[in-house]
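Undergrad: One structure, as structure tokens, below. Some questions next.
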Amino acid sequence: MPGYAGRMRADIGETAELIAVKHTIFALPFAVISLITAADPSWPAPRVWFWVLVAMVSARTAAMAFNRLADHRIDAENPRTALRALPDGRLSRRFVWTVTAVSAVMFVIAAGMLNRLCLILALPTLAILLGYSYAKRFTPVVHLWLGAALGMAPIGSWVAEAGSLAWPPVILGAAVMFWVAGFDVIYSLQDEDFDRRSGLFSLPAALGGGRSLTVARLFHVTALIGFAVFAAVAGGGWLRFAAVIAAGLLLAWQHRVVSRAGLVAVDAAFFSANGILSVLMCAAFLFAKILPAG
């Protein structure tokens, strides 16, 4: 039993690494922002909170596990990713397929428990999430595809609460799309040479590092405009707009660090700046709702 328990803990740890649990910090805060805005002036019911969380976690788990399956060979050939759990043999394809299937089923169940429109949109949403895994094979706008996948989180949480679609979550979803696309371009700088040699599509491989960073800056300026518009639609107030300004400063710092320090700074720019940005904006919107004067 001790050996079995130890192996189980190891598998859980490897699975958490496989699906990059820490990356949940990018999409979940914006889902919360949209959810509490859709419920205004009240708050979402506990059951909505619960099933939105289940939907978020299961959809992301399915998408990340499937991505690892789709990129198994590519990851094995890329020195940066060769030690991931699947190419290194620490997890089997059968196990990862099981994680993908169970997570996809859980997502559909959670969508059905929320409302009819969520259930109708569940399969198209899964198609976009899973389809991203192959986008790098045929289009350099793969970064926008990833952004759209994460941008569906605030749209979905709005529908979960309101039971219908509206313009505010679409604006926030578009802002998230450009924000994610921008930092994904920066992250992809690490694989510029590998992508080019392997015939994979990415903006760094297609345009080179300098031009790709310019595109990433344009994406982030567009994202900030979207955040500001949504903040106004959500009720304005100094807290919401201060969060947008702080987001702008974090994005500017991110680009400054990468421009000066190069690829060694990508992890700091990718995880630190963007993780703080999402949590900070979520906290500001929560406090703005608790303290209407804000």
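The values are calculated or read from the model by the stated rules, or taken from the named source; none is laboratory data. Since we're looking at a predicted model, the values are computed, not measured. Here the Cβ positions follow ideal geometry from the backbone for every residue, glycine too, while neighbour counts run over all protein chains shown.
To keep it simple, each residue is scored yes or no on (1) without any contact (Cβ under 8 Å) to a residue 60 or more places away in the chain; (2) touching a Phe, Trp or Tyr at 6+ places or on another chain (Cβ under 7 Å); (3) within 16 Å of residue 27 (Cβ to Cβ).
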| position | (1), (2), (3) |
| --- | --- |
| 120 | yes, no, no |
| 129 | no, no, yes |
| 140 | no, yes, no |
| 143 | no, no, yes |
| 153 | no, yes, yes |
| 163 | yes, no, no |
| 183 | no, yes, yes |
| 189 | no, no, no |
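Undergrad: I'd like to check something: does the range 226-233 contain any residue that is of a type in the set (Val, Ile, Thr), crowded, with 17+ Cβ neighbours inside 10 Å and in contact (Cβ under 8 Å) with a residue 24 or more places away in the chain?
TA: yes
Undergrad: Checking residue 164 against (1) of a type outside the set (Lys, Arg); (2) surrounded by fewer than 20 Cβ atoms within 10 Å (Cβ to Cβ); (3) modelled with pLDDT of 95 or more; (4) assigned to a helix (DSSP H, G or I), which single condition isn't satisfied?
TA: The number of the failed condition is (4).
Undergrad: While we're on this one: Has the range 181-188 got at least one residue that is in a helix (DSSP H, G or I), more than 18 Å from the chain's Cα centre (by Cα) and at pLDDT 95 or above?
TA: No, the range 181-188 has no match at all.
Undergrad: If I ask for residues that are touching a helix residue (DSSP H, G or I) at 6+ places or on another chain (Cβ under 8 Å) and surrounded by fewer than 16 Cβ atoms within 10 Å (Cβ to Cβ), which ones from the range 118-127 would you list?
TA: If the condition is that a residue be touching a helix residue (DSSP H, G or I) at 6+ places or on another chain (Cβ under 8 Å) and surrounded by fewer than 16 Cβ atoms within 10 Å (Cβ to Cβ), then 119, 123 are the ones that fit.
Undergrad: Mind checking whether some residue in the range 162-170 is over 30 Å from residue 199 (Cα atoms) and under 16 Å from the mean Cα position of the chain (by Cα)?
TA: Yes: one or more hits.
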